[in-house]
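Input: a single structure, listed below in structure tokens.
The values are calculated or read from the model by the stated rules, or taken from the named source; none is laboratory data. This is a predicted model, so every value here is computed, not measured. Ideal geometry is used to build each Cβ from the backbone, glycine not excepted, and the neighbour counts take in all protein chains shown.
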Amino acid sequence: MKNYVIGVDFGTDSVRSVLVDTSDGKTLASDVFAYPRWREGKYCKPIANQFRQHPLDHLEGITQTIQNVLKSTGTDPVLVKGICIDTTGSSPLPVNERGEALALQPGFSSDPDAMMILWKDHTAIAEADKINELARTWGGEDYTKYEGGIYSSEWFWAKISHIYTHAPKVADAAYSWMEHCDYLTATLTGNTDPLKAKRSRCAAGHKALWHESWDGLPDKSFLAKIHPGLAPLRDRLYSETYTSDQAAGTLSPEWADKLGLLESTVVAVGTFDAHAGAVGGQVAANTLVKVMGTSTCDIMIASYDSLGDKLVKGICGQVDGSVVPGTIGLEAGQSGFGDVLAWFKNLLADPVTQLIENSNLLDSKSKSELIQEIEEKLLATLTTEALQINPVESNVLALDWINGRRTPDANQQLKGAILGLTMGSDASTVFKALVDSICFGSRRIVERFREEGITIDAVVGLGGVAKKSPLVMQTMADVLNMPIKVATSEQAPALGSAMYAAVASGLYPTLQDAIDRMGNGFDKTYYPNPAHVAVYQASYEKYLKFGGFIESMT
């Protein structure tokens, strides 16, 4: 008898669900749902780095995508043994005593501060700075030491502290807070009590300063120094955390009926998209898995023996079991990757779109079709032209910090910059410089790992950029001077979640067994071009100097 599992991957712009055969990892069906409120720009202020999402976008999305993959395949619900959810993070949201999102309650349905605070929201820079200062000076445990020694505005406590300071009405109404992956998992199981819901080890360890050596979350006396409201909040959070190969429960009657599945369907503990992606990309020792989308997350695993007591500086955490149970998960990444290229595309397209919309020369149908054509073809055109640029002839240099810097050494106050513009610099030249910059940022992460004694023998790329942009991938191989394998799966994070679900459902004894049987392999390898390696080496050295100058100014 066949057994199936469902992996659900919540990204920045959309959610996708995949129905996977546990015998071989084949995806039978997938479905994608774009968040409608997010697409309208609701609850966001990009100029203020405020990015919020309404939980209805997520609840509607998971319902529709799971229903669709079941309907399109005609799969008997009895054969679907498990579900696992991965999400962006840190993306916390406030909940009431019943674990219901505050944004679903009267009086808060349109309040941005009651929404889920998306990973890329950088409104809490001041709060992150305060946490970092306190960690070094308060006289007790340095709670950032397993987070690379620097706490980020993208993470749990900084964001919640910001709400306590700037939105006291929301803070007072919030009984507790839950990471996106924990909230959705609890909702599906009906185990929504914030004090009893099983919390993700991945989310807690990498973003909330959780560590078993200090009994879970930071001490109340430390939290009170960040904001007085955080000390009592600690009692309404959690101490225990769980890895995603474990079951959080089974589907509640309400959600079993809504999705068309059985109440016996196991729901695994939730996780983050990048960590699930690393599993879907068949992560192994000494291998860097780059999950390449709007941002990047760079994931590795290390054995207890190889890492020992070492604290890796400037990364996004080292957490026992956060990726593969029985190993230490290491996370780094870039706050802007595909987003950097999308920013440039929008910079060019937006005024043109406005001119077309206001034109009296075209009817409404022609306007709509022309705008759609520009949206669809502009990035491809820039890519085609950039591929013709010989790296030797490129004199424009860019920094990839348009959305701040995640690693190494988180600093969200940094800004992007471009050097070397002349009257001859056209759009494709600047675009190529931005491509180079995101690859240089990736190399700096690789170098930091190596400086800290972490061996990297292989690189795996996965995600939308890895699958769709030969320009980025070839440049990355040239800059790193390493081959890069591209994972076959179109939905590697969702596949990784499906692997977690297979183990939580009891279909495989360990996650490694699931990876071995359900892995989809690799369909392409990019090799460095020897003629370009030395050129990029020289440009990278200039990138480091340029970055040092900009950092000193900002």
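Considering only residues that are over 28 Å from Lys130 (Cβ atoms) and either within 20 Å of the chain's Cα centre (by Cα) or touching a residue at least 24 places away in the same chain (Cβ under 8 Å) (or both), which ones fall in segment 397-421? Scanning segment 397-421 gives Leu397, Ala398, Leu419, Gly420, Leu421.
Could you pull out the residue among Glu357, Glu385 that is part of a helix (DSSP H, G or I), in contact (Cβ under 8 Å) with a residue 40 or more places away in the chain and over 27 Å from Ala492 (Cβ atoms)? So the residue among Glu357, Glu385 that is part of a helix (DSSP H, G or I), in contact (Cβ under 8 Å) with a residue 40 or more places away in the chain and over 27 Å from Ala492 (Cβ atoms) is Glu385. The selection criterion, being free of Cβ contacts under 8 Å to residues at least 12 places away in the same chain, over 30 Å from Trp155 (Cβ atoms), in the same structural domain as Leu471 (by TED's automatic domain parsing) and hydrophobic (A, V, I, L, M, F, W, C), holds for Ala380.
Residues that are surrounded by fewer than 21 Cβ atoms within 10 Å (Cβ to Cβ), in contact with a helix residue (DSSP H, G or I) (Cβ under 8 Å, 6 or more places away or on another chain) and under 20 Å from Pro408 (Cβ atoms) within segment 282-313 comprise Leu311, Lys313, listed in sequence order. Taking into account only those residues within segment 115-130 that are in contact (Cβ under 8 Å) with a residue 60 or more places away in the chain and aliphatic (A, V, I, L, M), which is surrounded by the fewest Cβ atoms within 10 Å (Cβ to Cβ)? Checking each candidate, the answer is Ile125. Of everything listed in (1) surrounded by fewer than 18 Cβ atoms within 10 Å (Cβ to Cβ); (2) more than 20 Å from Gly461 (Cα to Cα), the single unmet condition for Gly321 is (1).
Please determine, by comparing only the residues of segment 15-72 that are of a type in the set (A, V, I, L, M) and in contact with a Leu (Cβ under 6 Å, 6 or more places away or on another chain), which one is nearest to Thr123 (Cα to Cα).
Selected residue: Ile66.
Here Val20 meets the list (1) over 20 Å from the mean Cα position of the chain (by Cα); (2) buried (at least 24 other Cβ atoms within 10 Å of the Cβ); (3) farther than 23 Å from Val279 by Cβ almost entirely, failing just condition (3). When segment 40-58 is filtered for residues that are among the hydrophobic types (A, V, I, L, M, F, W, C) and surrounded by fewer than 17 Cβ atoms within 10 Å (Cβ to Cβ), the ones remaining, listed by number, are Ile47, Ala48, Leu56.
Put simply, of Leu434, Leu495, Leu507 the only residue that is part of a helix (DSSP H, G or I), of a type in the set (A, V, I, L, M), touching a strand residue (DSSP E or B) at 6+ places or on another chain (Cβ under 7 Å) and over 28 Å from Leu378 (Cα atoms) is Leu495. Of the residues in segment 133-152, at least one is touching a residue at least 24 places away in the same chain (Cβ under 8 Å), part of a helix (DSSP H, G or I) and either within 16 Å of Arg52 (Cα to Cα) or touching a strand residue (DSSP E or B) at 6+ places or on another chain (Cβ under 7 Å) (or both).
The requirement of being buried (at least 20 other Cβ atoms within 10 Å of the Cβ) and either within 30 Å of Ala531 (Cα to Cα) or of a type in the set (A, V, I, L, M, F, W, C) (or both) is satisfied by Arg444. Within segment 390-440, being modelled with pLDDT under 95 and closer than 22 Å to Ala534 by Cα holds for Asn390, Pro391, Val392, Glu393, Ser394, Asn395. Counting only helices (runs of 4 or more DSSP H) that sit wholly inside segment 167-248, those with at least 1 residues that are farther than 30 Å from Asp513 by Cα are 168-173, 220-226, 230-234. The set of residues in segment 276-333 that are modelled with pLDDT of 95 or more, among the polar types (S, T, N, Q) and within 21 Å of Lys467 (Cβ to Cβ) comprises Gln282, Thr287.
For segment 134-169, the candidate set comprises residues that are among the acidic types (Asp, Glu) and either buried (at least 23 other Cβ atoms within 10 Å of the Cβ) or under 26 Å from the mean Cα position of the chain (by Cα) (or both); within that set, the residue that is nearest to Val319 (Cα to Cα) is Glu147.
Among all residues of segment 254-267, there is at least one that is surrounded by fewer than 21 Cβ atoms within 10 Å (Cβ to Cβ), over 14 Å from Cys84 (Cβ atoms), free of Cβ contacts under 8 Å to residues at least 40 places away in the same chain and aliphatic (A, V, I, L, M).
Consider segment 541-554 and keep the residues that are touching a Phe, Trp or Tyr at 6+ places or on another chain (Cβ under 9 Å) and crowded, with 18+ Cβ neighbours inside 10 Å. The one that is farthest from Leu434 (Cα to Cα) is Gly547.
The set of residues in segment 81-120 that are within 21 Å of the chain's Cα centre (by Cα), assigned to a loop (DSSP other than H, G, I, E, B), at pLDDT 95 or above and charged (D, E, K, R) is empty. Apart from one condition, Gly521 fits all of (1) at positive phi; (2) in contact with a helix residue (DSSP H, G or I) (Cβ under 9 Å, 6 or more places away or on another chain); (3) modelled with pLDDT of 95 or more; the exception is (2).
The rows are residues; the columns are (1) in the same structural domain as Lys145 (by TED's automatic domain parsing); (2) free of Cβ contacts under 8 Å to residues at least 12 places away in the same chain; (3) in a loop (DSSP other than H, G, I, E, B).
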| residue | (1), (2), (3) |
| --- | --- |
| His275 | yes, no, no |
| Cys297 | no, no, no |
| Ser306 | no, no, no |
| Gly314 | no, no, yes |
| Val319 | no, no, no |
| Phe344 | no, no, no |
